[in-house]
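Input: a single structure, listed below in structure tokens.
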């Protein structure tokens, strides 16, 4: 995902870099948005985003889920949602249990990010659900060059993740019994610390947005996150 976040590079340099060690959030309220683990975005990224990230569209449910919402009640000022860890990570396994949103022309994501898009400082590892939650988009950006692959999937809850090491990134799914199945591997040399991010947003129907997300024709809804786990 190519995104330009105001002051993101500064935030990344200020966040402490660490190897991924025993980070877990079950979204029970102890480390949720603006808590000990996460910062909530409250700004506009510009094109190809067709919405403004807002505090109001991020909350915790009573059942222990993180809700990332798209609010289209005011079509001229659509609100969407994003959180990111205060901490930066270098290498590790990053796993999420989530139910992507089903809005056409939208994106529900789980990814690592650092740098400024359009420059060699941009590195990123992505899990994104597009096409109404029916396409899984995996991508790795290395010095602003991408290497992506997409997969047709069904909607609903799923557990999946990626493992980032000095020489490769691999993506995998996790069964209900905990069995891990790798489905993609890419050689890479990313070493810059990155922050973990989750967001849910709609495109602005620019050429770039429609090429990636498809046409957004209105409507809102939520993506749900049960837990996030990071380990060595």
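Hydrodynamic estimate: the Kirkwood radius of segment 76-145 over Cα pairs, inserted into Stokes-Einstein at 37 °C and 0.692 mPa s, corresponds to D of 240 µm²/s. Remark: 55, 91 ranked as 55, 91, counting other beta-carbon atoms within 10 Å and listing the fewest first. Scoring 102-111, 205-214 by mean Cβ neighbours within 10 Å over their residues and listing the highest first yields 102-111, 205-214.
The fewest-to-most ranking of 174, 179, 230 by surrounding Cβ atoms within 10 Å reads 179, 174, 230.
Shape analysis of segment 100-194 places it in the oblate category; the axes a ≥ b ≥ c from the Cα gyration tensor give an a/c of at least 1.5, with a/b not above b/c.
Residues 137, 122, 200, ranked from the fewest to the most other C-beta atoms within 10 Å, line up as 137, 122, 200.
Only helices enter the 222 nm calculation for the chain: every DSSP H run of n ≥ 4 contributes -39,500 (n - 2.57), and dividing by all residues gives -1500 deg cm²/dmol, rounded to 500.
In segment 8-231, the inverse of the mean reciprocal separation of distinct Cα atoms equals 17.4 Å; this is its Kirkwood hydrodynamic radius.
Spin-label model, residue 232/residue 173: points 7 Å from Cα along the beta carbon direction are separated by 3.1 nm.
Every read-out reported here was derived from the displayed coordinates using simple, explicitly stated rules and does not represent laboratory data. Keep in mind it's a predicted model, so treat the numbers as computed, not measured. Note: ideal-geometry Cβ built from the backbone for every residue, glycine included; neighbour counts use all protein chains shown.
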